[in-house]
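First up is the structure itself, then whatever we jot down about it.
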Amino acid sequence: MNAFKTLALVAAAAFAGATAIASDNFATLRDGAIAQEKDAPRFAKVENNDIKRKRAYPMQPPTIPHKIDGYQVDLNVNRCMACHSRRVTEATQAPMVSVTHYMDRDGNFLADVSPRRYFCQQCHVTQTDARPVLANEFVDIDELLQGR
Amino acid sequence: MKALLLKYWRVISGPSKHYSLGFLTMGGFVMGVIFWGGFNTAMEFTNTEVFCTSCHENLYAELQDTVHFTNRSGVRAICSSCHVPHDWTDKIARKMQASKEVFAWMTGSISTPEKFEARRLTLAEREWHRLKANDSLECRNCHQFDYMDFTAQSQRAVNMHSTALAGGDKTCIDCHKGIAHRLPDMSGVDMAGLD
C-alpha cells in the first residue's frame, strides 16, 4: 500500500514537471515542446560536384567536394590516398596532399604521409546541402581588417 | 537396308528380357531429365547466398554496409553475381575449382577471424587476377560501359571512365578494389591501378 502511494506520488510529480516544462516557452533550436517528438529533418545530400569551396582562413583544411561513402581508411588501407598520393596525382588530377602531411612533429620530411596526418577525416569533411539552423556570424579576416 | 531397319525395329519393339528397348530408352530419357534437373537445382542452390554464407558469414555482414546491398534503385548483387561466371561452362569450371574450397574449409584455412585476416590478401589477389583476366566480366554483367550516361555520372567518375576505361587500358577492378568487402592490408598493392 505504502509503495503504491509513493509510486503514485512520483508519477504525479513527474507529470506536473513535464507539463510545466512544456508550457514554458524556451527559445531553443528545437522549435517545439520538449515532451513532443518532432518529425526528423530530411537527410541532407552530400555535395558531389567536385567544385572547391573557398577557405574561410588560410590554414583551414579544405573541405571535400565529393562523396566518400564506403571509403575505407584504417590500418589496412587509405582509400583517399589512392587518388591523392604523390605518385598518382598525374593520372587522377586530384590535388596532392600538401607537403605538411609528410612532416613529422619536428619538421622532418618523411617519405610517406606522417602517421599524425594519416586519418584524413580528422580534418577534412564532406559538405551537405543542409540549411544551417542558425545564421553563421563568422567574419572573414579581410573584412575585419577593413573594419567593416 | 530394309532388312537392317526391320531388325532394328524388332529389337526396339520386341520384348527384351523384361522391358522393350523403346521403354528403356524413354525411361532413360525421363530419368535423364530428372537427374539433369536435379543436378541443375543443386547447382542453383550452390549459387544462393545461404550456401555461401554458411562458410563466409563475416562477408555477408560486411556486404550489408555496401552499395551492392541497399541502394536507391533496389537492385542487389549477391555473392554469385560477382563470383560465379554466368556462362554455364565457366560455371562448371568454377564449381570444380570451388571443390577445393570445401577441402580448404575442412582443413580450416579460414576457420577463425584471425586465420581469415592472415589469408585474406592471398584470396583477394586471386579474385583480382580472375577479374583482371576476364576484363571484369561479372561487373559488366550488370554495369555495361556502352550504356553509361556520362552526363549523369559524377565528374570524378567521368574523368576516369572516359579515359582509362574507355581506352581499354584499365578494367573495373583496377580502380574499384574493395567495392563489396573490407580490404586486407594493402601496403605494396597498387590500389587505383594508376601508379
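Per residue of B:158-167, count partner chain C-beta atoms within 10 Å of its C-beta, then hand back the mean as an integer.
Mean shielding count: 1.
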### Query
Can you give the mean number of other chain Cβ atoms that lie within 10 Å of the Cβ atoms in peptide B:181-191?
4
### Query
From the square roots a ≥ b ≥ c of the eigenvalues of the alpha-carbon gyration tensor of segment A:98-148, which class results: rounded (a/c under 1.5), prolate (a/b over b/c), or oblate?
oblate
### Radius 12 Å from Cβ of B:ASP65, net charge of other residues (Lys, Arg +1; Asp, Glu -1)
-1
### Query
Residues of segment B:109-195: accessible area per residue at 1.4 Å, in Å²?
58 Å²
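The values are calculated or read from the model by the stated rules, or taken from the named source; none is laboratory data. Keep in mind that this is a model prediction, so the values were computed, not measured. Here Cβ is always computed from backbone atoms with ideal geometry, including for glycine, and neighbour counts include all displayed protein chains. Areas reflect the complete protein model, heavy atoms only, side chains present, ligands, DNA and RNA absent. Shrake-Rupley method; radii C 1.70, N 1.55, O 1.52, S 1.80 Å.
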